[in-house]
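**Q** I'd like to ask some things about the structure below.
Please treat every number below as a calculation from the coordinates, not as lab data. Please read these numbers as outputs of a predicted model, since none were measured by experiment. When we count neighbours, we look across all protein chains shown, and the Cβ atoms used for this are built from the backbone with ideal geometry, even at glycine.
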């Protein structure tokens, strides 16, 4: 043991007391008497050593332990795994050259003695394991550089090597907004920097949804390079049906055109659209690729919008907040009418959900009263001055003994609320939202009224309803008892950078619940309605028994059928948390898929159907020239180097030589990391063994001398 690692914090009087205790106790046993065991001085020395050691441990000595680890330099190497690097002329040679370079990259750390970590990047960053298989659909160079920074920010990294064509079509700008590791970056340029002859449908713009019987605009943008004076045909089709065609003749070697078509939505469901660009007649020039001569997209044709009618006593900011929240859902349209503008017998406009704001049921025109009686979806909003007992108990579901006071109440989420899922972030936002002005008094709730939010007065959580729903017979009713909802939405906008999330979601889920006439679904599938082909398609299934308790004692299967294709069968697996099922379908081919999930719960068959649209990603098919200037600028900013370009296998040798020259001039040594910790001395095993050895030796000598 190194004495310099021993740490003791004690006063001089403590050392004196320790020495006096050890010597005094030893003297009591061996200091006098005629029958002292022999040899006396040896026994006294052993006893004093044991007592001194035990007394020393009372001072809580600590032993410093130092550990050193050696970290060798590590070289992260990033290789672009998208097809834009070899599209165009000599594509085979370019792809073979990239594969040859990737095969040699793990050896680039041999000469300087560095460890090489090889990654590929497209949409995300992936370690290269096994065979090199580039299949990326989008290039996110900025996020790849940021991922390297996050992984190696505290590592011994002498440099970073990046192989790419400099074209980024996703994520942060690699030149300005991406955060890079503070080490030299070395770049190798791939792809072709020259302009090539090509035709391209660069954009196909349309809405995500349209409504049956309406017409919606479709905008097609086409580009042509090296095709001056060549007549072109632009065609828009849906499946095998050609919707519209037009002609276009480029006037320059680099030209573009924009074409807008009005398409009729004549059939409900997903409507696939394809825009194509093709030259007319014989064209002597040759395109380097035809992959970008078409672009596909899909629009959902809906039968109708959910119509929300608001009948209000007077203008109020709560009405504006509800209307703005409802209109964030593209499947809904809202209309506001004032009670004073309604004639006595006039009927209300057609609607799916009737919302009544601060109205007196005794003063409503007969047209509104009839709509309340015949309607299937009703939402009643009131405040502190609302006389709730004027409402029919079978409508609002509670009675209220009012008092002439106003209660400032915040919302408190009810965990057991089942009619519809509340927003995930609602509970956190309720603590931040300001209180609402609510009526004071005793509440008598019927069993049919189910509160989603209860009133919380200061720190006291009550059982008074604030936001509740009632379902009875063939009508669904929602009741909101607080005034000042506009403040909730304003706070939501402030907290989420101009986007109201929790409040809008709460309003829209309430409206969806009111207008829905489906029974409670016991098989619930969470699946994307629209997804890009380079994103993994993941599903979640939940199964409930007759008491609406979640269960996993079933087998859930999925039948996935592409349009004009063969169906495939898949099976969900139980999630680790044991409450639902997961299914990962990986990346799907572009197209429209119909799916059906099914299971049997306690002998009862359950099923759910839907449609999935997988969008084609053609970001890499656009033959924009490679951006080696970006790579050169990034190398200069990081004090790195642009090694050169990669076109053929012969370039690999020259690039390797340039890299070895750069690596030899880059200082990099092993880094030694030291860590120390303090351990209590009494926890050391060797000390316990030493004490036992001393006591055993003393006892053996005493016994040998005839003592006890």
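**Q** How tilted is helix 141-152 with respect to the longest principal axis of the chain? Cα atoms for both, answer in degrees (0 to 90, nearest 10).
**A** So the inclination is approximately 20 degrees.
**Q** Taking R0 as 51 Å, what's the FRET efficiency between residue 64 and residue 337 from their Cβ-Cβ distance, rounded to 0.05?
**A** 0.05
**Q** Using Cα centres only, tell me the gap between region 267-321 and region 558-624 in whole Å.
**A** Rounded to whole Å, the Cα centres lie 23 Å apart.
**Q** While we're on this one: How far is it, in nm, from the label point at residue 602 to the one at residue 393 when both lie 7 Å from their Cα along the line to the Cβ?
**A** 3.2 nm
**Q** Roughly how many Å is it from the Cα centre of region 427-500 to that of region 371-400, as a whole number?
**A** With region 427-500 and region 371-400 each reduced to a Cα centre, they are spaced 15 Å.
**Q** Run the numbers on the chain and let me know its relative contact order in percent, using alpha-carbon pairs under 8 Å that are six or more apart.
**A** 16 percent
**Q** Let me check the size of region 306-515 from its C-alpha atoms; what are the radius of gyration and Dmax in Å?
**A** Calculated on Cα positions, Rg and Dmax stand at 16.1, 48 Å.
**Q** Right, next: Hey, what D do you get for region 552-708 in µm²/s if you plug the Kirkwood alpha-carbon radius into Stokes-Einstein at 20 °C and 1.002 mPa s?
**A** 83 µm²/s
**Q** Taking 0.36 nm per residue of sequence separation and subtracting the Cα-Cα distance, how much length would be gained by fully extending the chain between residue 278 and residue 418, in nm to one decimal?
**A** 44.8 nm
**Q** Please sort 137-150, 261-274 by packing, taking for each peptide the average over its residues of neighbouring beta carbons within 10 angstrom, highest first.
**A** Going by the mean number of other Cβ atoms within 10 Å, highest first, we get 137-150, 261-274.
**Q** To the nearest 10 degrees, how steeply does helix 628-637 sit against the main Cα axis of the chain, on a 0 to 90 scale?
**A** Tilt relative to the chain: about 40 degrees.
**Q** Can you order the peptides 694-701, 309-316 by their average number of other Cβ atoms within 10 Å per residue, highest first?
**A** Descending packing order for the listed peptides: 309-316, 694-701.
**Q** Calculate the all-directions average of the projected area of region 1-89's alpha-carbon convex hull, and give it in nm².
**A** Computed as one quarter of the Cα hull surface, the answer is 12.7 nm².
**Q** Okay, next question. So if each residue of separation counts as 0.36 nm, and I subtract the Cα-Cα distance between residue 233 and residue 460, what length gain in nm does that give?
**A** 74.6 nm
**Q** Between residue 569 and residue 155, what FRET efficiency follows from the Cβ-Cβ distance if R0 is 41 Å, with the result rounded to 0.05?
**A** The formula returns an efficiency of 0.35 here.
**Q** A further question follows. Which FRET efficiency value, to the nearest 0.05, is calculated for residue 96 and residue 286 with the Förster distance at 35 angstrom and r the Cβ-Cβ distance?
**A** The pair residue 96/residue 286 has a calculated efficiency of 0.95.
**Q** Of all beta bridges DSSP finds with both residues in the chain, what is the antiparallel percent, to the nearest 5?
**A** Counting DSSP beta bridges with both partners in the chain, the antiparallel share is about 70 percent.
**Q** To continue, here is another question. How do 63-71, 530-538 rank on mean C-beta neighbours within 10 Å, highest first?
**A** Result, highest mean first: 530-538, 63-71.
**Q** May I pose another question? Between the helical axis of 485-495 and the dominant principal axis of the chain, each derived from Cα atoms, what acute angle in degrees is found, rounded to the nearest 10?
**A** Compared with the principal axis, the helix lies near 50 degrees.
**Q** So what's the chain giving for Rg/Rh, alpha carbon basis, Kirkwood Rh from the mean inverse pair distance?
**A** Reported Rg/Rh (Cα atoms, Kirkwood Rh): 1.15.
**Q** Share of Cα-Cα pairs in region 234-287 beyond 13 Å, in percent?
**A** 69 percent
**Q** Further question: Give the whole-number value, in cubic angstrom per residue, of the convex hull volume spanned by the C-alpha atoms of region 198-302.
**A** Expressed per residue, the convex hull around the Cα atoms of region 198-302 is 86 Å³.
**Q** Could you work out how much longer the chain between residue 212 and residue 702 gets when fully extended? Use 0.36 nm per residue separation minus the Cα distance between them, nm to one decimal.
**A** Full-extension gain reported as 165.6 nm.
**Q** With a bin width of 10 angstrom, please list the P(r) values of region 583-646 as percents of all Cα-Cα pairs, from the 0 bin to the one holding the largest distance.
**A** Histogramming region 583-646 at 10 Å steps yields 14, 23, 17, 16, 13, 10, 6 percent.
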